[in-house]
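A quick write-up on the structure given underneath.
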Amino acid sequence: MKTEHLIAMLARDGTPVSPLRRLLARAGAIGLGVAAVLFALIYGLRPDFTAAAQDPRLWVKVVTPLMLLAGAGLATSALLRPEGRARRSALIAAPLVLGLAVILELVALPAGRWGVALVGDNALKCIVSIPLLALAPFIALMRAAREGAPTRPGLAGAVIGLAAAGGGAALYALYCPDDSPLFVATWYSLAALAMAGLGALVGQRWLRW
């Protein structure tokens, strides 16, 4: 049988989708559990968490990475099927919400304070910490993804990296004292893109079949 015919048959066969999706969900949960333990040991909740929880910007900072995790997870399960196509809507919800928060921040803040809000106080720590906390979910999802058959392994790996970054960022957001959406849109996004790049490199080799 020619490879093209095999791919077409597998693509039409819907039976492996649910088991693969469950496998990814289980792997993601395990990876996030390990990341949560690491978070508790190294970071913990910010000291002013109770007061900060009254600021809706904190919850934007937590919820948007979780939206990225969920959307990238759904996209991953699609990309791991032969000729699978991920819906763009699964990946754009988080950027849209964060973009709206940035617009509201720009309206509320005087222009002279935009640069201060964007740079924050923990940019370097953010870029290091999010990939660190994303590492366990990344490894767990990559191992589970080996059960799939992606025709674009680099893209599948990149989306796995985004999913892992979403989990790591959501945890780090509970510690990070920089609540400005300008800060989040800049530094959290850079950390997520770094994980996507790593995922593309790893996926190109690890997920090839």
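The values are calculated or read from the model by the stated rules, or taken from the named source; none is laboratory data. As the structure is a prediction and not an experimental result, all values here were calculated from the model. All Cβ positions, even for glycine, are placed from backbone atoms using ideal geometry, and neighbour counts span all protein chains on display. Surface areas here come from the heavy atoms of the whole protein model, side chains and all, with no ligands, DNA or RNA. Shrake-Rupley method; radii C 1.70, N 1.55, O 1.52, S 1.80 Å.
At a glance:
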quantity	calculated
Gained length - SER189 relative to ALA29, 0.36 nm times residue gap less alpha-carbon distance	55.4 nm
Degrees between helix 123-145 axis and first principal axis of the chain (Cα, 0 to 90, nearest 10)	20
Relative contact order %, the chain, counting alpha carbon pairs below 8 Å whose residues are six or more apart	32
Cα gyration tensor, the range 146-194 - rounded (a/c under 1.5), prolate or oblate	prolate
Solvent-accessible area per residue for the chain (1.4 angstrom probe, square angstrom)	52
FRET E, pair PHE49, ARG208, Förster distance 41 Å, beta-carbon r, rounded to 0.05	0.40
Quotient of C-alpha Rg and 2.2 N^0.38 Å, computed over the range 49-102	1.42
Computed helical MRE - 222 nm, the chain, DSSP H runs ≥ 4 contributing -39500 (n - 2.57), nearest 500	-24500 deg cm²/dmol
Three-way shape call for the chain based on the alpha-carbon gyration tensor, with the a/c threshold at 1.5	prolate
